[in-house]
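Asks: Pasting in a structure now, in structure tokens, and then I'll have a few things to ask.
The values are calculated or read from the model by the stated rules, or taken from the named source; none is laboratory data. Just so it is clear, the structure is predicted and the values come from calculations on it, not from any experiment. All Cβ positions, even for glycine, are placed from backbone atoms using ideal geometry, and neighbour counts span all protein chains on display. What goes into the accessible areas is simple: the full protein's heavy atoms, side chains included, and nothing from ligands, DNA or RNA. Shrake-Rupley method; radii C 1.70, N 1.55, O 1.52, S 1.80 Å.
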Amino acid sequence: MTKFGIAQPVRRVEDPRLLKGNGAYTDDITLPGTAHGVVLRSPHAAAKLLSIETAAAKAVPGVLAVYTGADLKADGIGDLPCAVTLKNRDGSDQFSPPRPTLAVDAVHHVGTPVAFIVAETTQAARDAAEAVMVEYDILPSITDLATAMDPGAPQVWAGAPRNVCFDWEVGQKDKVEELFAKAAHVTRLTVVNNRIVVSSIEARAAQAEYDSATGRWTLRTNTQGGWGIKEMMGNNIFNVPPDRFRVITPDVGGGFGMKLFLYAEQVLACYAARKLGRPVKWTSERSEAFLSDSAGRDNITLGEIALDKDGKLLALRTRNVANMGGYLSNFAPYIPTMAGTGVLASVYGFQAVYANVIGVFTNTVPVDAYRGAGRPESNYLVERLIDAAAREIGMDRVELRRRNMVTPDAMPYTSPMGKKYDSGDFRIVLDAALKKVDWAGFEARRAAAAKRGRRRGIGLAYYLEATGGAPTERAEIRFAEDGFVDVYVGTQSTGQGHETAYVQLTVDQLGVPGEKVRVKQGDTDSIPVGGGTGGARSLYSEGQAILVTAGTVIEKGRKAASETLEAAPADIVFEAGRFSIAGTDRGVDIIALAAAQRARAAKGEDVTTLDAAEIANIDAHTFPNGCHIAEVEIDPETGTLELVRYSVTDDVGKAVNPMIVRGQVHGGVAQGFGQAVLERTAYDPESGQLLSGSFMDYTMPRADDLPSIDVDFIEVPCRSNPLGVKGAGEAGAVGSPPAVVNAIVDALSPLGITHVDMPATPERLWQAVATARAA
Amino acid sequence: MTDIRYLAPRTLDEAVGAFAASQGAARILAGGTDLLVQMRNGAVRPGTIIDIKKITELTSIEEAADGGFRIGAAVSGAALAEHPRFGRVWPGVLEAVNLIGSTQVQGRASPGGNLCNASPAGDSVPALVAAGAVVTVQGPKGRRQVAVEAVPAGPGRTNLGPGEIVVSFTLPPRPEGSGDAYLRMTPRTEMDIAVVGVGVSLTLRDGVVAAARVGLGAVAPTVLLVADAARALIGSRLDEAAVHAAAAACRAACNPIDDKRGTIAYRTRVAGVLLQRAVAIAAERAGRV
């Protein structure tokens, strides 16, 4: 087994570069002659834009331009697109409001871009921003999802009565009704899936330059794949062929879905670069990020499950109200609908499922995909419902789950939501997870904590994730002049360790030394197509592309070797990075062969070179699943909570690099714990201001909030891809919120508490205890 | 943009002179962990910044022959933590000072700055109130001494006169059988703002409370000295009734606000809980078995 072999915990090759400060993030790059842009944002949640006076701002020394929505309209700049149009239950289309890059006649949330100021320095642009005079007619705003559909609630868009963007449904409605009618028991629960501010460490940034001779832009910006940005820039914004854009994605410090989308500032940098004939750069400040990065989650969901007298789960019915924000971000309507509902049946043998999802506008930052994108919300609902049902019918919560799990002999299994699970052995994973944490011995730990005045609880969640994303992926393998093997990929690392995992796959296929493989990403000129990174798709999608491309390299190498070694191609064998004539010691190393062929081709000889590019069809996505178990202790007098134990048992298929998977799961668990316990996005109901607009007020998880997290794998190889891998990037954030909340409710259930909404802050827990004691 | 004058006088007289001469346009810079943030936010725009860290009296810690301490107003939390004796005599005060901000902020932030920032939630203030600290203030009219709880006037406001600078804190000698403690409640453990903070200082003689002081933060416009809580404890053996009475006195003293960090009901309730716990810690430190 080589150092870079499959299943080895290879240390991440990108880390020394990034940890020593040798990475190059978008803001690290400043081209000669760069001008600096600042966005003036609406201070109001809802207002008519009456006038904008820019003369004073333009007079500020160093200011090059002040652009408004009217300028962009005059130059034919298109609106920011939403790529999804859902059909309502009545067959009509969703309401899709316009989203101009800069506000034209109204603003719909605090932070809506109103003007773009470009100057020689950021400071001058900031000073000028203060000199822009905007006259607003302030309107009543609505930021509270729970009341946004109430009669009399302020209307975000005149074209969307009761603030409804769409009213969508999926599933077997009639069958679900039938099953509910004959159920022995029905459990109902309404849960809040709280709004998350994504808060990547690296803020968004964009730097654009325009070459008037060729009419091409080069946009450097932190994305999760520049190809989608390129398409939207050309097709939707500037009305030019997308190839007029070269999008370069430098190193990226965290995306979590939020950096998938096209943002106003990227458009503004491109627009200003063309107008001014200079590179233009914009970098978000943290407070701007709170007001302009797409947010995550934000649902209020009623879930109902029907059970028979033996605790068999018959049917699931949900009504989910999902916040869209003040405008529709690129994929916003897709997240709670197609993405989220697909996993509602989870690992359980429901006979039928029906989901109604209502998308609602509020005067808040637009919502879109965030780590898991709809699947965490569905898993949270289902796992909370099952705990609640177990309590109500007096059945052990583990037994209720075990009894209803789809068994391996049913695989491939098509769920009522139409998802085809290729593999999974849920009971084995469940049992291993329970054993690892001594689930059976928990009551002794509860009693010991009670002696210390603390309420201890244990909770489990069995999650099922459905990874997704673009249906094809490309890889190109080039043998470079300097002896390296360059692998060009269409995905985009934002910190996941792609530069290591892809090296492992290449080494496995081509037998070259890992030190000789370089992963190249993030330039839409050198990589013509790419699906980007999102939906935990990268390893199995790009992995298959690398596999197919490596196969072509080997075939070409076999042909080349047969020419060089003067043997029939059929007699050439490829093993451990070497082509040789079967049964002899005559052979040639693949890198040497590639170099020799390249040299001959350069002289004009008609020879086979080894470089190859292929596009793989990603026919099926993957269904990682696993069991999270949390133990918490709560101080009932103050409501403070400590997560004292966290354990994960995952089936991510084959783990190419277990160390990287563990890191991904740790990060996901931390984010899920943050959502469950800490992160509260608060808007002022009167003014619509974001109250939790900084890290003083918005509580991010930190290392000292979490215990050491153990992660173990039970590898049930994926049957829908040749690598046997399942996407693991989101899974941690899918399993942790329900595991943590189930543990909290378990801790407080002796007081009669049956549900606590996220985030379970000290105050909320204290209030729950105080209310229960008073009752 | 306007220019800002930066002064770093070596003597207190110079500092007071410059401060008085500025007629309100100057700000005192100790660690700068509040001032620089406020300037960056545009909340304050001083014409002059007077850095007091070059003045020895403001940056030194002295232990008097009688066992009392004098702490310069600009002494950083880190410097106080490194003092060989202070934390043994006043562990509660030290805990409170060391709760201000992160490790990096601890290298700069000072108890004098924390007091003059006049946040109701300043962490060091309730502990200093409980400790009975006296503040030395110097201004154009000379020096005066004032109880620490008399300095804050309301959120962001103090009772200091024009040109007056906080020079130092004097903590009294500690009799045998004394202990102090500070506990606070925040949504997390650091770098956030207290929703309740309680400082307790006790002196026990033969198991009976001979002296007690209680400081309460974040539940009223200023940090409070809760005399009723101290009265409930003095003369008792810290039996349940006495501690409950002290907790009730703390709750009665609360006049908090409702905000996203905590509701009135929560802050009030938790104030009593923290009082009980702080009393227990202080009593243990005082040597009660």
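Asks: Run the numbers on segment B:191-227: which residues show a drop of 30 Å² or more in accessible area, chain on its own versus all protein chains together, using a 1.4 Å probe over heavy atoms?
Replies: B:M191, B:D192
Asks: Using label points projected 7 Å from each Cα along Cα→Cβ, tell me how many nm separate A:K58 and A:A775, to one decimal.
Replies: It works out to 6.5 nm between the two label points.
Asks: Run through all the Cα pairs of segment A:535-598 and give the fraction in each 5 Å bin from 0, expressed as whole percent.
Replies: So the P(r) values, bin by bin, are 4, 19, 26, 19, 11, 8, 6, 4, 2, 0.
Asks: Using R₀ = 30 Å, calculate the FRET efficiency as 1/(1 + (r/R₀)^6) where r is the Cβ-Cβ separation of A:D438 and B:A241; round to 0.05.
Replies: 0.10
Asks: Report, to the nearest whole %, how much of the accessible area of the protein assembly as shown belongs to carbon and sulfur atoms, 1.4 Å probe, protein only.
Replies: 53
Asks: Then there is this: Give, as a single signed number, the net charge of other residues whose beta carbon lies under 13 Å from the beta carbon of B:C254, with Lys and Arg counted +1 and Asp and Glu -1. Could you put the intermediate results ahead of the total?
Replies: On the way: positive: B:R251, B:R267, B:R269; negative: B:D228, B:D258.
Here the count lands on +1.
Asks: On average, how much accessible surface per residue is there in chain B, in Å², for a 1.4 Å probe, leaving out ligands, DNA and RNA?
Replies: Value returned for chain B: 43 Å² of accessible area per residue.
Asks: Continuing with the same structure: How large is the direction-averaged shadow of the alpha-carbon convex hull of segment B:4-63, in nm²?
Replies: Projected area, direction-averaged: 4.3 nm².
Asks: Restricting things to Cα coordinates, could you compute the convex hull volume per residue of segment B:178-285 in Å³?
Replies: Expressed per residue, the convex hull around the Cα atoms of segment B:178-285 is 85 Å³.
Asks: Restricting to Cα pairs below 8 Å that are 6+ residues apart, what does the relative contact order work out to for chain A? Please round to a whole percent.
Replies: Result for chain A is 15 percent.
Asks: Please give the Cα centre distance for segment A:503-519 versus segment B:1-51, rounded to the nearest Å.
Replies: Going from one Cα centre to the other spans 60 Å.
Asks: Rounded to two decimal places and with Rh computed the Kirkwood way over Cα pairs, what is Rg over Rh for segment B:197-246?
Replies: 1.01
Asks: At a 1.4 Å probe radius, which order do A:S694, A:S647 fall into by accessible area, largest first?
Replies: A:S694, A:S647
Asks: Can you pull the semi-axes for segment B:68-115, root of five times each eigenvalue of the Cα gyration tensor, sorted largest first, whole Å?
Replies: Equivalent ellipsoid semi-axes, largest first: 16, 12, 9 Å.
Asks: So if a site counts as exposed when it's one of the GluC sites (Glu not before Pro), its DSSP state isn't H, G, I, E or B, and it has at most 14 other Cβ atoms within 10 Å, what's the longest stretch of chain A without one?
Replies: A:1-284
Asks: How charged is the neighbourhood of A:A181? Take every other residue with its Cβ under 14 Å from the Cβ of A:A181, and add Lys/Arg as +1 and Asp/Glu as -1.
Replies: After counting each charged neighbour, the total is -1.
Asks: Let me ask something additional. At q = 0.09, 0.10, 0.15 Å⁻¹, what is the log10 ratio I(q)/I(0) for chain B, with the Debye formula run over Cα points and no solvent?
Replies: So the normalised log intensities work out to -0.41, -0.51, -1.10.
Asks: Based on a Kirkwood Rh over C-alpha pairs, give the Stokes-Einstein translational diffusion coefficient of segment A:470-617 at 25 °C and viscosity 0.890 mPa s in µm²/s.
Replies: The Stokes-Einstein estimate is 157 µm²/s.
Asks: Follow-up. Give me the accessible area per residue for chain A, probe 1.4 Å, as a whole number in Å². It would help to have the intermediate numbers written out before the result.
Replies: Numbers: 27570 Å² over 775 residues.
For chain A, the per-residue accessible area is 36 Å².
Asks: What area, in nm² and to one decimal, does the C-alpha convex hull of segment A:370-468 cast on average over all directions?
Replies: 8.3
Asks: Please report, in cubic angstrom per residue, the volume enclosed by the convex hull of the alpha-carbon atoms of segment A:136-197.
Replies: 157
Asks: Using a probe radius of 1.4 Å on protein heavy atoms only, what is the accessible area buried between chains B and A, both sides summed, to the nearest 100 Å²? Show your work: numbers first, answer last.
Replies: Numbers: alone 13310 and 28450 Å², together 39990 Å².
The B and A chains share an interface burying roughly 1800 Å².
Asks: Helix hunt in chain A: which complete DSSP H runs extend at least 30 Å axially by C-alpha with mean Kyte-Doolittle at least -1.0? Mind showing how you got there, number by number?
Replies: Working: long enough: A:538-565 (38 Å, 0.10).
Length and hydropathy pass: A:538-565.
Asks: Based only on the alpha carbon positions, what is the Kirkwood hydrodynamic radius of the protein assembly as shown, in angstrom?
Replies: 32.1
Asks: Continuing with this model, one more query. I'd like the distance separating the alpha-carbon centroids of segment A:632-673 and segment B:197-222, in whole Å.
Replies: 40
Asks: Identify the GluC sites (Glu not before Pro) of segment B:92-177 meeting these criteria: DSSP loop state and at most 12 other C-beta atoms within 10 Å of the C-beta.
Replies: Of the GluC sites (Glu not before Pro), the ones in loops of segment B:92-177 whose Cβ has at most 12 other Cβ atoms within 10 Å are B:E176.
Asks: Calculate how many DSSP beta bridges within segment B:178-285 are antiparallel, expressed in % of all such bridges and rounded to the nearest 5.
Replies: Looking only at bridges with both residues in segment B:178-285, the antiparallel portion is about 100 percent.
Asks: Given the C-alpha centroids of segment B:69-108 and segment A:586-600, what is the distance between them in whole angstrom?
Replies: So the separation of the two Cα centres works out to 68 Å.
Asks: Could I ask something else about it? For segment A:215-240, list residues with backbone N below 17 Å from a point placed 7 Å from the Cα of A:I29 toward its Cβ?
Replies: A:216-231
Asks: Tell me, which residues of segment A:742-775 get at least 30 Å² less accessible area when the other protein chains come in, versus the chain alone (1.4 Å probe)?
Replies: A:P762, A:E763, A:W766
Asks: Summing +1 for each Lys or Arg and -1 for each Asp or Glu, what net charge is found among the other residues whose Cβ lies under 14 Å from the Cβ of A:L464?
Replies: -2
Asks: For B:A147 paired with A:L18, estimate the spin-label separation in nm (one decimal), with each label point 7 Å from Cα along the Cα-to-Cβ line.
Replies: So the two model labels end up 5.6 nm from each other.
Asks: Let me ask another. How much accessible surface does A:K516 have with a 1.4 Å probe, in Å² rounded to 10?
Replies: Using a 1.4 Å probe on the heavy atoms, I get roughly 80 Å².
Asks: What number, rounded to the nearest 500 deg cm²/dmol, is the helix-based mean residue ellipticity at 222 nm of chain A, given -39500 (n - 2.57) per DSSP H run of at least four residues and division by all its residues?
Replies: Calculated at 222 nm, the ellipticity per residue is -8500 deg cm²/dmol.
Asks: Equivalent ellipsoid semi-axes for segment A:140-240, as square roots of 5 times the alpha carbon gyration tensor eigenvalues: give them largest first, rounded to whole Å.
Replies: They are 44, 21, 18 Å, listed largest first.
Asks: What distance in nm separates the two pseudo spin-label positions at A:R319 and A:I138, each 7 Å out from Cα along the beta-carbon direction?
Replies: 3.5
Asks: So which residues of segment B:238-270 lose at least 40 Å² of accessible area, probe 1.4 Å, when you go from the chain by itself to every protein chain present?
Replies: The answer is B:K260, B:Y266 - residues whose exposure falls by at least 40 Å² when every protein chain is included.
Asks: Any idea what log10 I(q)/I(0) is at q = 0.09, 0.14 Å⁻¹ for segment A:311-430, Debye with uniform C-alpha scatterers and no solvent?
Replies: -0.29, -0.65
Asks: Could you tell me the relative contact order of chain B? Use alpha-carbon pairs under 8 Å, at least six residues apart, and round to a whole percent.
Replies: 16
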